[in-house]
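Some notes on the structure that comes next.
The values are calculated or read from the model by the stated rules, or taken from the named source; none is laboratory data. No experiment lies behind these values; they were computed from the predicted model shown.
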Amino acid sequence: MCGERVGARVRRLREERGLSQHGLAAPGLTSAYISLVERGRRNPSVKALRVLAPRLGVTPEFLETGEDPLCVALETVESQRKLIRSLRRQINEMRRRAEV
């Protein structure tokens, strides 16, 4: 979600997966800590993100930024493919014009 903060993302993902804060808790990450993160009163540490991410089925990067590096990479590759196709069409058109 655009502009979504980390805590809101944690809450949304937790609720989408039908987990309670207690169910998401892990050793060293209490439900009280998760509550603070979700309410924006605590910023989760890198370690916390690494623990929470797999429990929520996402990467730590996605949990932190809302962007999955793999998806970003795939979008970049696809945009590069479109550019290459466009350039090939332009080159072919230029060749056709040069032959006339």
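Checking the structure you have, find out if any residue of segment 27-42 is closer than 16 Å to T59 by Cα and assigned by TED's automatic domain parsing to the domain that holds E61.
Checked against the condition, which is being closer than 16 Å to T59 by Cα and assigned by TED's automatic domain parsing to the domain that holds E61, segment 27-42 yields no hits at all.
Anything in segment 48-100 that is over 9 Å from the mean Cα position of the chain (by Cα), within 27 Å of G23 (Cα to Cα) and either in a helix (DSSP H, G or I) or modelled with pLDDT under 90 (or both)? List them, or say none.
A48, L49, R50, V51, L52, A53, P54, R55, L56
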